[in-house]
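Structure record follows, encoded as structure tokens.
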Amino acid sequence: MQEQEPLLADSGRDDLWLVLPHLGAGGAQKVALIAARHFAAQGLKVKLVTLIPGHPVAHALPDGIPLLELGLPNHRSWWARAGRFTLAQLDKLIRWLFQLQLRWFERWFQARVCPGGRGLAMQLFRVGTEATAGFRLRQLRRQFRRQLPHRVLALLTRTNITCCCAAWDLPIHLVVSERNDPSLQLLPEVWQRLRPFAYRRADVVTANTAGVLSALEPMGPWERSALLPNPLPGAPRAGARGGQASAVGFISVARLVPQKGLDVLINALPRLSGAAADWPVTLVGDGPELETLQQQAQDLGVSGRLRCMGFRPDPERFLAEAAVFVLPSRFEGMPNALLEAMAAGLAVIVTDASPGPLEVVEPGVSGLVVPSDDPIALAAAMVKLASDPVCCRRMGAAARERIAALDWPQLEPLWRSILALS
């Protein structure tokens, strides 16, 4: 059914919407909130938009910035209201039907996504995204038409695709942001196949690392592609570790999911020796792997050295107490936690699994790089830094200096150009 809402007059439009799946824990959420505060402070009309209803909000929302939460729990389709299906059941049915037709749709996309076939492409996009995202597409498109923001920045793959489809034929400057290495990130087949077609609508396809951007390029010709680095909060950090020269301990700030490789970190603990064997290990974060990781630590006899703090909105407090940040990821984009640890003056240990962290961590200068899924190599790196406090502090200072390039004064012109604010 065609929507009848008239397009909003230009004078009443918001300057910028930042669209995310939710405002729970995560690096993309931090970036969105940092950007929202920054541009709202400059007088722009900014709005935060989320697509998953009822998700806990992990961070304090910026004062004066409205939040539009789509997909409210009481939303039901006309079929669901008729009592024949719940919304979840209807989603499953559509998803199953779409999987049957996926390859047929793909052939039509390839033939019709062109200036002469935009109408058919839009219909196929709607079928595809409603099969994967429920009715979020329809709700988002309705809000796009009603409020017609000048600019939209979407973050994370599924949200990016949904925004592209919802804004397909609307006069909105749309920027999408990939946050993980697409060559390693596993997505359901539907989303993998939709991404190349949907991204043709974006005015700018961005990534937060050069490696991720390079991995996106073979997917198709984009209107424009650009590197959009993560900004850091504008808090003073130059002397963050001035009184912490004697700090000891390892820390990892991450979601407790297989991607982050925290099981590898725990496997490394029994292999530590010397000073490293006495250092505490702090995990800041929450996720579905919590109980598994705790059981693993218990089985290996290292539970007494492991502190699981859960999600904390103030990770800087724990960073200030540690000496080395460890992130044994299996794939990454550019993790905000790594940038914050470097800005706090910690030496860091990362893996070579994805190019993102290697763009800011210079081996032997600002940190150490080890192979992914290699607890022996990880343990050796941890022992090296714990046994040489002078080297550890020198790397921390180099890390802090390297990360200064991500402060807003340096990134402002690039963000403004990509968002069409200048």
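Summary of computed values
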{"item": "The range 250-406: Rg to Rh, with Rh as the Kirkwood radius over Cα pairs", "result": "0.92"}
{"item": "5 angstrom amide H check on Glu178, placed H, neighbours 5+ away", "result": "Thr206, Ala207, Asn208"}
{"item": "Note, ³J(HN,Hα) from phi for the range 372-381, Karplus 6.51, -1.76, 1.60, rounded to Hz, x at Gly and Pro", "result": "6, 6, 10, x, 5, 5, 5, 4, 4, 5"}
{"item": "For the range 17-22, 3J(HN,Hα) per residue [Karplus equation, 6.51 cos²θ - 1.76 cosθ + 1.60, θ = phi - 60°, Hz, x = Gly/Pro]", "result": "10, 10, 10, 9, x, 6"}
{"item": "Distribution of pairwise C-alpha distances over the range 141-263, 10 Å bins, in %", "result": "11, 34, 27, 17, 9, 2"}
{"item": "Compactness of the range 341-422 as Cα Rg over 2.2 N^0.38 Å, two decimals", "result": "1.32"}
{"item": "For Met382, Met309, order by how many other beta-carbon atoms lie within 10 Å, fewest first", "result": "Met309, Met382"}
{"item": "Cβ-based exposure ranking for Phe250, Phe331, in which fewest neighbours within 10 Å come first", "result": "Phe331, Phe250"}
{"item": "Ranked list, fewest to most other Cβ atoms within 10 Å of each Cβ, for Arg393, Arg146", "result": "Arg146, Arg393"}
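Every number in this text was worked out from the coordinates using simple rules, so none of it is lab data. Note that this is a predicted model, so its numbers are computed, not measured. Cβ atoms come from the backbone with ideal geometry, glycine included; neighbour counts cover every protein chain shown.
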